[in-house]
1. What percentage of the solvent-accessible surface of the range 7-149, computed with a 1.4 Å probe over protein heavy atoms, is contributed by carbon and sulfur atoms?
2. Just the projected area, averaged over all directions, of the convex hull on the alpha carbon atoms of the range 38-110: how many nm²?
3. So for the range 59-149, taking the charge dipole from beta-carbon charges (+1 Lys/Arg, -1 Asp/Glu), which of ILE138, LEU78, TYR96 sits furthest toward the positive end?
4. Taking amide H positions as placed in the peptide plane 1.01 Å from N, state which residues far from CYS55 in sequence (5 or more) or on other chains have amide H under 5 Å from it.
5. What lysines does LYS31 reach when the alpha-carbon gap must be under 21 Å and sequence neighbours fewer than 8 apart in one chain are set aside?
6. What is the spin-label model distance, in nm, from SER13 to ASP128 if the labels are put 7 Å beyond Cα along the C-beta direction?
7. Helix-only estimate, please: 222 nm mean residue ellipticity of the chain, summing -39500 (n - 2.57) across DSSP H runs of length 4 or more and dividing by its residues, to the nearest 500.
8. Considering the values [x] 26; [y] 21; [z] 39, which represents percent of Cα pairs over 25 Å apart as calculated for the structure under consideration?
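The values are calculated or read from the model by the stated rules, or taken from the named source; none is laboratory data. Since this is a predicted model, take the numbers as computed values, not measurements. Because the Cβ atoms are built from the backbone with ideal geometry, glycine has one as well, and the counts that use them run over all protein chains shown. Ligands, DNA and RNA are stripped out before the accessible areas are found, and what is left, the full protein with its side chains, is counted by its heavy atoms. Shrake-Rupley method; radii C 1.70, N 1.55, O 1.52, S 1.80 Å.
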Amino acid sequence: MADEIYQNIKKNSPFIAWIHNISLNQQKYMKTKIQELNLGHDMRYVIFIFDNPNCSQEDLLNMFGQSKGNIAKVLKKLEDDGLIKREINPKNRRKYLLTTTSKGNEVVPMIRQISKEWEKEVGITEDDEELRKRIMEIAIKGMNLINEN
């Protein structure tokens, strides 16, 4: 039944719309599982900072394609929530180094576990590793294309 509802969408949607749909639906699922954190899409920033300690706001701009204003607003919220900290970069005092706090370090494994549960529910398996690599390659090429202009 549900498959019939989406027949017209399947025929007419561009590939990137499906990628966006996957991301949005995963975030919605995860938000329902960890409501007390009130993170929504912001959890992706916490994970990125956890995986890339001492990254910069520019690193987030490159990865997520958001405006400087949006990134600054999210970072302020995450800092106020005690999930990340910003420290002045000693090599460039106009920039910050971003790291997760102990609270952020506790949250990331929970987020990852919920993400794995979602992947299992939607049918993403270890057999999809080649697909993951290919999507990552496309994303990197896209970032490079933007940075070249």
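1. 53
2. Working: hull surface 18.5 nm².
Answer in nm², one decimal: 4.6.
3. TYR96
4. Close amide H contacts, sequence-distant or interchain: LEU98.
5. LYS73, LYS76, LYS77, LYS103, LYS116, LYS120
6. Placing both labels 7 Å beyond Cα along the Cβ direction yields 1.4 nm.
7. -21000 deg cm²/dmol
8. Read-out taken from this structure: [z].
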